[in-house]
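J.: Once you've had a glance at the structure underneath, I'll fire off some questions.
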Amino acid sequence: MSLKAVVFDAYGTLYDTQSVADITEDAFPGYGEIITQVWRIKQLEYSWLRSLMRRYQDFAAVTRDSLAYTLRILGLEYENDAFERVIAKYLHLDLYPDATAALTALKPRKLAILSNGSPDMLNALVRNSGLDRLLDATISVDARKVFKPSPEAYELIGEVLGTTPEEVLFISSNPWDVTGAKAFGLNVAWIERVTPEAMALACVENELVAPLTMFKAIRTQMDELGFAPDHRVRSLSELVGIIGE
């Protein structure tokens, strides 16, 4: 069956969530790295916990709550202006350098985002980065009130694009998202930005494991859940070759 659509995860796949580090460091000197890593870990954890508890709040609320948690457990006092400046970065995350060129090259297939992000967050982010000129749809799980990797979230792809799972290639750098998409039945490509060899070397070379290294260890390596991606690439630019094949 021919491939009709290419669908991307947003956070960590097209957009670099680590690009918040500059503003967290500016707002809280000396704490930028630890804030960045704990915030992202708790942001993901809260999305999964809320899905399991069936107490959905959108990703904007999850993002605020996870930042508030992070600052509290680090004992950091702050003014509301500083908090809002950090939160606002999620509307201006940096695109990965090869994102725009990769999406341009994948046309005329349907291109879309499926993200845990709330509609307002995603629409602003896509517009601010210029990807609105390339995407056919920006799909938020908010329509189902449940976060990925729930199967109900991936169902939205077919409903919006009019495709079957076999007609879609789903792209993510997040192993938990790759696993969820594959379990649902999509064709899946994993962007493996950190190899196991590099991960092991980073741990061996440092007497103390830095927060970023710990984040990479628990969030960038493929999970042991019985599902594997169809394709492994190191960057978005490699997708053109895969689809050409």
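J.: Looking at the stretch 87-115 only, could you name the residues that are more than 12 Å from residue 6 (Cβ to Cβ), open to solvent by 60 Å² or more (accessible area, probe 1.4 Å) and not in a helix (DSSP H, G or I)?
T.: Listed by number, the residues that qualify are 92, 94, 97.
J.: So which residues in the stretch 216-245 are in a loop (DSSP other than H, G, I, E, B), within 20 Å of residue 202 (Cα to Cα) and among the hydrophobic types (A, V, I, L, M, F, W, C)?
T.: Selection gives 222 alone.
J.: Also: Taking the residues in the stretch 198-215 that are touching a residue at least 40 places away in the same chain (Cβ under 8 Å) and either open to solvent by 50 Å² or more (accessible area, probe 1.4 Å) or assigned to a helix (DSSP H, G or I) (or both) as candidates, determine which candidate is nearest to residue 182 (Cα to Cα).
T.: The qualifying residue nearest to residue 182 (Cα to Cα) is 215.
J.: Now a separate question. Evaluate the following for residue 56: is it open to solvent by less than 10 Å² (accessible area, probe 1.4 Å) and not polar (S, T, N, Q)?
T.: no
J.: Of the numbered conditions (1) more than 18 Å from the chain's Cα centre (by Cα); (2) under 18 Å from residue 99 (Cβ atoms), residue 169 fails exactly one; give the number of that condition.
T.: (1)
J.: Could I ask something else about it? Residues in the stretch 35-79 that are over 18 Å from the mean Cα position of the chain (by Cα) and among the small types (Gly, Ala, Ser): how many?
T.: The qualifying residues number 2.
J.: Among all residue pairs at least 6 apart or on different chains, which show Cβ distances below 8 Å where the first residue, located in the stretch 103-121, is of a type in the set (A, V, I, L, M, F, W, C) and the second is modelled with pLDDT under 95 and open to solvent by 50 Å² or more (accessible area, probe 1.4 Å)?
T.: 105/240; 106/240
J.: Under 6 Å between Cβ atoms, which residue pairs at least 6 apart in sequence (or on different chains) link something in the stretch 130-153 that is closer than 12 Å to residue 117 by Cβ with a partner that is part of a helix (DSSP H, G or I) and open to solvent by 20 Å² or more (accessible area, probe 1.4 Å)?
T.: 139/160; 140/119; 142/119; 147/51
J.: If you go through the stretch 43-59, how many residues are outside any loop (DSSP other than H, G, I, E, B), in contact (Cβ under 8 Å) with a residue 60 or more places away in the chain and under 18 Å from residue 69 (Cα atoms)?
T.: 5
The values are calculated or read from the model by the stated rules, or taken from the named source; none is laboratory data. Treat the numbers as computed from the prediction; the structure is a model and nothing was measured. Cβ atoms come from the backbone with ideal geometry, glycine included; neighbour counts cover every protein chain shown. The accessibility values were calculated without ligands, DNA or RNA, using every heavy atom of the protein model including side chains. Shrake-Rupley method; radii C 1.70, N 1.55, O 1.52, S 1.80 Å.
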